[in-house]
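Quick note: the coordinates plus some simple rules give every number you see, no bench work behind them. Just so you know, these numbers come straight off a predicted model, no measurement behind them. In this analysis, Cβ positions are derived from the backbone assuming ideal geometry, glycine residues included, and neighbour counts consider all displayed protein chains.
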């Protein structure tokens, strides 16, 4: 086999890998809690798994809280596990308006100058000084996925979602690479609704220019 | 002046007209009522203008209703005037989920096999058998605008919205042409949120391919 043929074979395989549809996760409003904030809200109850998520080790917990803002509240907001170093509340812009909270568009973890909110559990309540954001749409990738797509941590890409009746190209999609991650795009409920991506048959692919 | 120069001058003017940003209207949930349905809900009160809309003759009324669905209700839903031949309720997919109503994605006026809902006014209530839709995103145009863009009634186009942090290209945007219309794109709150178009500086333009 000639070197040229090997190159072509590899190139074909890579192209096929790039053509795979990207799995889509639609993030409903949710809360990540620090151990101490969890302890304050659920003093005598361990965090328990309700449903494993696609990202390894991540899960939706049985426990939920109510978000209470100046203009309204949202009940049954799920806690995602495991517990983290910092508490973070991820909501949609629709939620932000109904709560009356000016949540900025941010990458997960970038909580500087974000507003706070009150969390209410069956056992008590906790007023956060900050931590409420609208998550920037993003794609989780393993380092191998990043190699295949020719992108790296921190890149911004375009993604086409062929949803039912509302096909959309989202620009400003952040790339997040880690060995603990598996290929999955995350968008919020506003974005899923706008793209018809609530249809399970919606097809997700990276737009290459 | 040569014919060639005239052609180029016209072509330049048309191109400049096509480069104008398209005005954007973000449609919050609203209700259009037939005269008889309005009469049933507000028996002794004329429909009054709260705010003129950009489309000639259209206005947001002072009167509002509550939408009541199987899973929840939404208060203070504005009636848009003037009254129409048929009652139509336009909500976002987010609203559809919180009301528990399977509203289909439709062009305005296409109400066949759409679900109903209960409307509640200060004076009474009315159960609609049908009429609840999620409006297909669209651009209103005068016939002159349509000539300038080279599109016609019923076409589907792509529109780029350069919003804050969430730049998006919406495909499946319907073109609606009428002498009573002025250039304006209408999207719902989910779509505006997904594109960062709630930023007044968001720039809207038709994508030509």
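Restricting things to alpha carbons, tell me how big region B:89-130 is in terms of Rg and Dmax, in Å.
11.0, 31
How do A:83, B:67 rank when sorted from fewest to most other Cβ atoms within 10 Å of their own Cβ? Don't skip to the end; give the middle numbers.
Details: A:83 17, B:67 24.
Fewest-to-most ranking of A:83, B:67: A:83, B:67.
Which ordering of B:14, B:80 is given by a fewest-first count of other beta-carbon atoms within 10 Å? Present the calculation step by step, with values, prior to reporting the outcome.
Values: B:14 14, B:80 21.
Sorted ascending by nearby Cβ count, the order is B:14, B:80.
When only alpha-carbon atoms are used, what values of Rg and Dmax, in angstrom, describe the protein assembly as shown?
24.3, 88
For B:145, A:198, what's the fewest-to-most ordering of other Cβ within 10 Å of each Cβ?
Ordered from fewest to most neighbouring Cβ atoms within 10 Å, B:145, A:198 come out as A:198, B:145.
Kindly work out what percent of the DSSP beta bridges joining two residues of region B:130-200 are antiparallel, to the nearest 5. If you can, show how the numbers build up before the last one.
Details: 8 of 12 bridges.
Roughly 65 percent of the beta bridges in region B:130-200 run antiparallel, per DSSP.
Could you pull the copy-to-copy label distances for residue A:49, with points set 7 Å along Cα to Cβ, in nm to one decimal and sorted shortest first?
Result, one decimal in nm: 6.3.
With a ≥ b ≥ c taken as the square roots of the eigenvalues of the C-alpha gyration tensor of region A:1-56, please select rounded if a/c is under 1.5 and otherwise prolate if a/b is larger than b/c or oblate if it is not? Could you put the intermediate results ahead of the total?
Details: a/c = 5.24, a/b = 3.73, b/c = 1.40.
Prolate.
Quote the relative contact order of region B:36-98 in percent (integer), defining contacts as alpha-carbon pairs under 8 Å separated by 6+ residues.
Values: 67 pairs, mean separation 15.6, N = 63.
Once normalised by length, the contact order is 25 percent.
Label-to-label distances across copies for residue B:62, with labels 7 Å out along Cα→Cβ, in nm, shortest first?
5.4
Roughly what % antiparallel, to the nearest 5, for the DSSP beta bridges in region B:28-135? Each step should come with its number before you reach the end.
On the way: 18 of 26 bridges.
In region B:28-135, DSSP labels about 70 percent of beta bridges as antiparallel.
Rounding to the nearest 10 and keeping the result within 0 to 90°, find how far the Cα-based axis of helix B:3-19 lies from the longest principal axis of chain B.
Taking Cα atoms only, the helix is inclined about 30 degrees.
Provide the descending list of Cα extents for chain A along its principal axes, expressed in whole angstroms.
Dimensions of chain A along the principal axes of its Cα atoms: 69, 35, 31 Å.
Given N residues in region A:28-135, what is Rg(Cα) / (2.2 N^0.38 Å)? Walk me through the numbers before you get to the answer.
Details: Rg = 12.8 Å, N = 108, 2.2 N^0.38 = 13.0 Å.
My calculation over the Cα atoms of region A:28-135 gives 0.98.
Quick one: compute the contact order of chain B, relative version, from alpha carbon pairs under 8 angstrom and 6+ residues apart, as a percent. Kindly include the intermediate steps, with their values, before the conclusion.
On the way: 453 pairs, mean separation 47.8, N = 209.
Relative contact order of chain B: 23 percent.
Cα centroids of region A:32-76 and region B:75-115: how far apart, whole angstrom?
Cα centroid of region A:32-76 versus Cα centroid of region B:75-115: 34 Å apart.
Can you give me the distance in nm between label points at residue B:54 and residue A:2, each placed 7 Å from the Cα along the Cα-to-Cβ direction?
Those two pseudo-labels are separated by 5.9 nm.
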